[in-house]
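The values are calculated or read from the model by the stated rules, or taken from the named source; none is laboratory data. Remember, predicted model here, so these are calculated numbers, not experimental data. For neighbour counting, all protein chains shown are included, and Cβ atoms are generated from backbone atoms with ideal geometry for every residue, glycine included.
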Amino acid sequence: MNLDPHQLTNYVNGFIKVLIDYSPKLISAFIILFVGLYVIRLINRFIRRLMIRRNLEPTLTKFLADILLWALRVLLFVTFISKLGIETSSFVAILGAMGLAVGLSLQGSLSNFAGGMLIILFKPFKVGNTIEAQGVIGTVSEIQIFVTKMITANNQTIFIPNGSLSNGTIINYSLLESRRADLTIAISYDTDIRKAKEVIMSVLKSNPKVLETPAPDVVVKSLTDTGIQLAVRPWAKNEDFWSVYSETYIECKNAFDKAEISIQPFVMELSKKESISGTTETNKG
């Protein structure tokens with residue numbers, strides 16, 4: 001095909017004219033884009049530093065800063081294409097339709113997202129707390145947008161969806177500084193209850209890890225068919241809780257041996273029930 005030099009010249013001249021006419025918009029649009037990205041970065045840094053100075057939760061700081069960052073980027077992009085002369089109303093409508101479609105397809109994820117926001121804002125627990133939720137006990141190592149990461153006592157990593165976590169019951173063992181241990185020790189009916197309580201109280205008072213306030217307590221929990229159950233309730237700091245739990249049982253056993261007080265084993269009650277059950281079956285036979 002033969003090209004007419006005159007026609008080619010007209011095309012080139014027309015292209016140059018359009019480029020010259022459109023170049024101010026193009027240059028201004030890219031200036032807005034690059035300056036906007038720089039300003040958004042400065043704003044994001046300023047907001048992060050401001051929230052850190054206000055001692056906000058690190059997870060909440062990162063979460064809010066990321067939301068602000070992407071919101072400003074979307075606003076900048078819309079301004080950029082508008083400066084280029086592209087109609088933004090149809091573009092915004094397309095974004096809205098896409099957002100609705102994505103929202104319907106990710107209902108479960110959005111539920112977890114909302115749950116993560118509730119956890120971060122209302123702070124029922126924070127990183128480092130030991131909690132019990134969804135049948136799991138562990139230490140919170142990370143609060144993410146969709147899941148919460150927990151480490152159990154046997155070093156297993158568990159991820160719990162924030163939607164179910166925020167809607168369920170949460171027991172926070174680390175929220176308060178101290179915690180009460182609820183122990184049960186059984187003695188026989190031949191034992192002097194006052195003497196047994198005095199021995200246990202002396203054990204609790206001699207343990208430096210047991211707090212004086214609130215004061216420890218020993219009360220009669222119940223009278224069973226095989227013995228008397230005493231409820232032993234020492235208070236301890238969170239970091240000393242399991243030490244106090246174990247040491248109380250050990251020291252009470254040693255103190256009972258010295259005082260010649262016998263601990264009533266719970267297995268006797270089970271043996272009695274089995275004996276009664278066997279006798280009943282024999283009578284039926």
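Per-structure values
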{"read-out": "Pair list, Cβ under 6 Å, 6 or more apart: region 45-70 residue over 14 Å from Gln144 (Cβ atoms), other residue at pLDDT 80 or above and small (Gly, Ala, Ser)", "value": "Ile47/Ala65; Arg48/Ala65"}
{"read-out": "Odd one out for Leu68 among (1) at pLDDT 70 or above; (2) touching a Ser or Thr at 6+ places or on another chain (Cβ under 6 Å)", "value": "(2)"}
{"read-out": "Which numbered condition Ala186 misses (of (1) of a type in the set (Gly, Ala, Ser); (2) closer than 30 Å to Ala255 by Cβ; (3) touching a residue at least 12 places away in the same chain (Cβ under 8 Å); (4) loosely packed, with under 13 Cβ neighbours inside 10 Å)", "value": "(4)"}
{"read-out": "Failed item in (1) in a loop (DSSP other than H, G, I, E, B); (2) at pLDDT 95 or above, with Val232 passing the rest", "value": "(1)"}
{"read-out": "Val218 vs. criteria closer than 11 Å to Val199 by Cβ and either among the acidic types (Asp, Glu) or not in a loop (DSSP other than H, G, I, E, B) (or both)", "value": "yes"}
{"read-out": "Number of the exception - Leu84 against (1) out of contact with any Leu (no Cβ under 6 Å at 6 or more places or on another chain); (2) at pLDDT 90 or above; (3) among the aliphatic types (A, V, I, L, M)", "value": "(2)"}
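Here is a yes/no grid of residues against (1) modelled with pLDDT of 85 or more; (2) outside any helix (DSSP H, G or I):
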site	(1), (2)
Ala236	yes, yes
Glu239	yes, no
Cys252	yes, no
Asp257	yes, no
Ile261	yes, yes
Met268	no, no
Thr279	no, no
Asn283	no, no
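One line per residue, one yes/no per condition, for (1) basic (Lys, Arg); (2) touching a residue at least 24 places away in the same chain (Cβ under 8 Å); (3) surrounded by 14 or more Cβ atoms within 10 Å (Cβ to Cβ); (4) more than 21 Å from Lys253 (Cα to Cα):
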| residue | (1), (2), (3), (4) |
| --- | --- |
| Asn172 | no, yes, yes, yes |
| Leu175 | no, yes, yes, yes |
| Asp182 | no, yes, no, no |
| Arg194 | yes, no, no, no |
| Lys209 | yes, yes, yes, no |
| Pro214 | no, yes, no, yes |
| Val218 | no, no, yes, no |
| Leu223 | no, no, no, no |
